[in-house]
Amino acid sequence: MTPPAGKIVRVDLDETAARLGVPVEDVERVHRLAGERPSAPLPAKADAPAILDRLAVPPDDAAEIMAGWPDPGSPLWTPELRWLLDRSIALVRADLGGHDWLPPGPELPRGRGPAWRHLYVYAYLALLDVVTGYHRDHGITDAVSWATLADLGRNLAVDRRMHGEGWPVMQSWLTLHARGAVYELGRLQYQRGETAIGLHIPETGPMTPQAIEESLDEARAFFPRHFPGERHTAFSCGSWLLDPQLLEYLPEDSNIIRFQRRFELEPYQEPEGLDADVEVLRFVFRTLSTPLDQLPRRTALQRAIIDHLKTGRHWYWRRGHFPI
Ligand SMILES: CC(C)(COP(=O)(O)OP(=O)(O)OC[C@H]1O[C@@H](n2cnc3c(N)ncnc32)[C@H](O)[C@@H]1OP(=O)(O)O)[C@@H](O)C(=O)NCCC(=O)NCCS
């Protein structure tokens, strides 16, 4: 007797999850959110080196991405990987224009080769045409589009420094870029929201007050011009950078303290699924697993982070805002 159609799908999802080495709930989520929605093709392989260059992808990563390219018939790409790539693209594409956190799929065992390692990079490449089309519909210049999208290369470089520890967060972070939610305008990145525009601080050198002010001015003009239907009244930020305990360690005229002073802090709320002690190590030391005694103590901030944790105290992820 033929089992009901629902049953067949269920068995496939179990098998797919087992072959991918991930929890079945994660595969069910992809199946549910992507459904039969349209995917998008990757760029032509011949164009990929120039595109990766434009996306600031470092040579080591570019070489791996080219080596693992999902050519038809490539033995690196099992049916499960091809299914996940196709449905992950569809899942992210279905939320084009959305601005909430959106994992593109399960965390994969990335040590199994370049297809596994870079599956969500291929999804990002497939979405380039879709998102640049969205940018064009909003009158956004090519310069802003590509400055924004080149965060891919920066993230791959950081992940390499972190020996792969950084990627699980990055694969979700980068779906914001691929959905037209994040824009890089000068020193800062901006995430569209309901009433506030979220600020993000990429690692691109010191955040001088002048660079911040120029960037904020750019954003003040950018969002009303390109998203006239959205009403933003505040800039907001959630970060380890807003922890007032940093005042105990850093000089008043440091960039971080001057950045803090722009914000009205919101009452502390424990962020869901986020340990600020770990996040500080991620952003300041680019490691999540090195023992405190082995971390470098070259700068005032590094010494502050280590000494604070060694006395048994904690860092806090704080949220704040200020009017646009
Ligand atoms: C946010 C950031 C740009 C601030 O750098 P900055 O403008 O140099 O900051 P400050 O002027 O306040 O620096 C004060 C001290 O801390 C040090 N410092 C700042 N950021 C540092 C970092 N990420 N790693 C090591 N030391 C750092 C500075 O060198 C300085 O110490 P010194 O006087 O001994 O040289 C920088 O920390 C950074 O790039 N972080 C990674 C991205 C990030 O954290 N984003 C927010 C995610 S929520």
Open item on the list: For a quick check of your reading of the model, give me the residue pairs whose first member lies in the range 299-324 and is on the phi < 0 side of the Ramachandran plot, whose second is modelled with pLDDT under 95 and not in a helix (DSSP H, G or I), with beta-carbon atoms closer than 6 Å and at least 6 apart or on different chains.
Closed with: Trp317/Pro271; Trp317/Leu274
- [ ] Can you give me the number of residues within the range 267-284 that are within 22 Å of Ser254 (Cα to Cα) and more than 9 Å from the ligand (Cβ to nearest atom)?
- [x] 3
Open item on the list: Looking only at the range 206-219, filter to residues that are more than 23 Å from the chain's Cα centre (by Cα) and surrounded by 13 or more Cβ atoms within 10 Å (Cβ to Cβ); which one of those is nearest to the ligand (Cβ to nearest atom)?
Closed with: Thr208
Open item on the list: Filter the range 240-261 down to the residues that are open to solvent by less than 80 Å² (accessible area, probe 1.4 Å) and in a helix (DSSP H, G or I) and list them by number.
Closed with: Trp240, Leu241, Leu242, Pro244, Gln245, Leu246, Asn255, Ile256, Ile257, Phe259, Gln260
Task: Residues that are part of a loop (DSSP other than H, G, I, E, B) and touching a Leu at 6+ places or on another chain (Cβ under 9 Å), drawn from the range 193-239 - done: Ile201, Pro202, Met207
Task: Pairs, first in the same structural domain as Gly320 (by TED's automatic domain parsing) in the range 250-266, second within 6 Å of the ligand (Cβ to nearest atom) and among the β-branched types (Val, Ile, Thr), C-beta under 9 Å, six or more apart - done: Leu250/Ile256; Phe259/Ile201
Open item on the list: Please go through (1) in the same structural domain as Asp100 (by TED's automatic domain parsing); (2) more than 23 Å from Pro106 (Cα to Cα); (3) touching a helix residue (DSSP H, G or I) at 6+ places or on another chain (Cβ under 6 Å) for Pro209 and return the number of the only condition it doesn't satisfy.
Closed with: (1)
Open item on the list: Given (1) in a loop (DSSP other than H, G, I, E, B); (2) modelled with pLDDT of 95 or more; (3) open to solvent by 70 Å² or more (accessible area, probe 1.4 Å); (4) more than 9 Å from the ligand (Cβ to nearest atom), identify the lone condition not met by Thr287.
Closed with: (3)
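Can you find a residue in the range 245-258 that is aliphatic (A, V, I, L, M) and under 16 Å from Ala196 (Cβ atoms)?
no
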TODO: From the list Arg303, Arg313, Arg319, Arg298, pick out the single residue that is in contact with a Lys or Arg (Cβ under 9 Å, 6 or more places away or on another chain) and either of a type in the set (Val, Ile, Thr) or open to solvent by 60 Å² or more (accessible area, probe 1.4 Å) (or both).
DONE: Arg303
TODO: Please work out which one of (1) closer than 27 Å to Pro59 by Cβ; (2) open to solvent by less than 50 Å² (accessible area, probe 1.4 Å) is the condition Gly198 fails and give its number.
DONE: (1)
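Quick one: which residue in Ala115, Ala62 is open to solvent by less than 60 Å² (accessible area, probe 1.4 Å), in contact (Cβ under 8 Å) with a residue 40 or more places away in the chain and farther than 22 Å from Arg282 by Cα? Walk me through how you get there before you give the answer.
Values: Ala62 fails: in contact (Cβ under 8 Å) with a residue 40 or more places away in the chain.
Result of the check over Ala115, Ala62: Ala115.
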TODO: Could you list all residues from the range 272-284 that are open to solvent by less than 30 Å² (accessible area, probe 1.4 Å) and either farther than 15 Å from Leu246 by Cα or among the basic types (Lys, Arg) (or both)?
DONE: Arg282
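The values are calculated or read from the model by the stated rules, or taken from the named source; none is laboratory data. Everything numeric in this text was worked out from a predicted model, so none of it was measured. Here Cβ is always computed from backbone atoms with ideal geometry, including for glycine, and neighbour counts include all displayed protein chains. Just the protein is used for accessible areas: all its heavy atoms, side chains included, with ligands, DNA and RNA removed. Shrake-Rupley method; radii C 1.70, N 1.55, O 1.52, S 1.80 Å.
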